[in-house]
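Let me begin by presenting the structure, written as structure tokens, before commenting on it.
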Amino acid sequence: MPHSRTAFLATSFAVLFIFAWGCRGRLLEETDEIGLVTYSGMCDASAAVALDDATFVVADDEKNVFSVYRADRPGPPLETIRWDEPLAIDPDNDEHPEADVEGAAVLGDRIFWITSHGRNRDGKWRANRHRFFAMTVARGEDGLKFEPFGKPYHELALRLADDPRMSQLDLADALGTPGKNAKKLAPKSAGLNIEGLAPMPDGRSLLIGFRNPRPGGKAVIVPLLNPTAVLAEGAAPEFGDPILLDLEAEFAGKTRELGIRSLAFLDRLKCYLIVAGPHGEKKQFAIFCWSGKPEERPELLSHLTASVGRAGDFAPEALIVYSGGDKLQLLGDDGSRMVEVQSAAECREGTFQDGQCEAKYLLDRERQTFRSLTFSVDDLR
């Protein structure tokens, strides 16, 4: 299965956590009774990869920024990198500049990122959310240096919809007419929404995971066979045969059919870990282990799923595995959590309500936080 040749040995979406024993005191101070650890400086954690055994970089799906954190030091980021220009977005002249980054994966020394390719909550077309891109990260005397790799690709969803093999997946219907608004095609309704990205065993290809649509109640995965050529050469994307997975879990006595919220490979168990959840607002999440073979059904990891459920309003959005490690860390998107404020002046205009506003609307970014849960690989069974 996939192995990186550099310090960026990682797979996509939230972080396999290696505790530094010398920092246990601080961890306890910033950990609640069920083990949730808090980081500050952003709240919409949506995709992340490990940079080494001690640091990770995470995307904010509401802003075109990446933040670097010490995994063993909850609190503010070490640095934050704006990425508007590499994404070919002008935030000063664009009413809706956010790219909505939702998935990440490492191939070699490059980090690949994918956006939702979806509409906004009202079904309005958002061209800036159609991005597939990559970066390289190098360490120098002045710290980390992030550089764009190739050029961002804007037509991935269009090419998927045009592929005749995808006709059974309802992707064209979920995408709708480019440039046209359609309320029913909001991502949390019937619209297209990409949230997973992970490397394939060949070390050259990627798996794309969909939160929506779910044809026949099944989750969709599509292999992208030439990601490097797409960005470096402007080549047309080449797709493999689509894969449909049963991601079913029971909540309050009812069986739910879930989509993909994050995707990563765990070498120790020789399987892909899938964070699954609903396409809508409900916070019902389950964790699965999948062999990577299309004909094999994913296995529900009941213990880990129950642990996530006990975390209450925790909404896992990213999962990353450190190579050779024995800990898993799930990062949550806490942008919709309500935060108490003193006045409406602390919130974006129009978002203050009854002494509160959602975390993503706080004007003071230092007050924004996201939480994480850490597990041992031995706890998965």
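Each value in this text was obtained by applying a stated rule to the coordinates, not by laboratory testing. All values derive from a computational prediction rather than experimental measurement. Positions of Cβ are backbone-derived with ideal geometry, glycine not excepted, and every protein chain shown enters the neighbour counts.
General observations
- Look at the dipole of the chain built from charges on Cβ: of Leu107, Pro74, Cys43, the Cα furthest out on the positive end belongs to Leu107.
- In order along the stretch 345-351, the phi-based Karplus estimate (6.51 cos²θ - 1.76 cosθ + 1.60, θ = phi - 60°) of 3J(HN,Hα) comes to 5, 7, 10, 4, 3, x, 10 Hz; Gly and Pro are listed as x.
- Put simply, the amide H of Leu197, placed in the peptide plane, has neighbours under 5 Å in Ala104, Gly209, Leu263, leaving out anything fewer than 5 places away on its chain.
- Among (i) 168; (ii) 145; (iii) 190, the entry that matches volume of the Cα convex hull per residue in Å³ as calculated here: (ii)
- Over the stretch 21-380, relative contact order from alpha-carbon pairs under 8 Å, at least 6 apart, %: 15
- For the stretch 104-181 versus the stretch 214-239, the gap between their alpha-carbon centres in whole angstrom: 10
- Each peptide among 338-345, 255-262, 154-161, 50-57 gets the average number of other Cβ atoms lying within 10 Å of its residues, and from highest to lowest they stand as 255-262, 50-57, 154-161, 338-345.
- Residues whose amide H lies under 5 Å from that of Arg256, counting only those 5 or more places away or on a different chain, are Ala249, Glu250, Phe251; hydrogens are built 1.01 Å from N in the peptide plane.
- Counting beta carbons within 10 Å around each of Ser46, Ser376, Ser40 and listing the fewest first gives the order Ser376, Ser40, Ser46.
- Where only DSSP H runs of four or more residues are counted, the chain gives -2000 deg cm²/dmol as its mean residue ellipticity at 222 nm, each run worth -39500 (n - 2.57).
- Annotation: amide H of Cys347 within the under-5 Å range of Leu363, sequence separation 5 or more or interchain, hydrogens built in the peptide plane.
- The phi-based Karplus calculation (6.51 cos²θ - 1.76 cosθ + 1.60; θ = phi - 60°) puts the 3J(HN,Hα) values of the stretch 69-77 at 10, 7, 4, 9, 9, x, x, x, x Hz, whole numbers, x for Gly and Pro.
- 3J(HN,Hα) along the stretch 159-169, derived from phi through the Karplus expression 6.51 cos²θ - 1.76 cosθ + 1.60 where θ = phi - 60°, amounts to 5, 4, 5, 7, 6, x, 5, 8, 4, 6, 8 Hz, with x in place of Gly and Pro.
- Normalised by the number of residues in the stretch 211-362, the mean separation of alpha-carbon contacts (under 8 Å, six or more apart) gives a relative contact order of 14 percent.
- Restraint check, Lys63/Lys151; Lys184/Lys283; Lys151/Lys283; Lys283/Lys360; Lys63/Lys188, Cα-Cα greater than 24 Å: Lys151/Lys283
- Compared with the alpha-carbon gap, the fully stretched path from Ser302 to Lys124 is longer by 60.3 nm at 0.36 nm per residue.
- Options Gly312, Phe251, Phe265, ranked by Cα towards positive dipole end of the stretch 246-318, top entry (Cβ charges): Gly312
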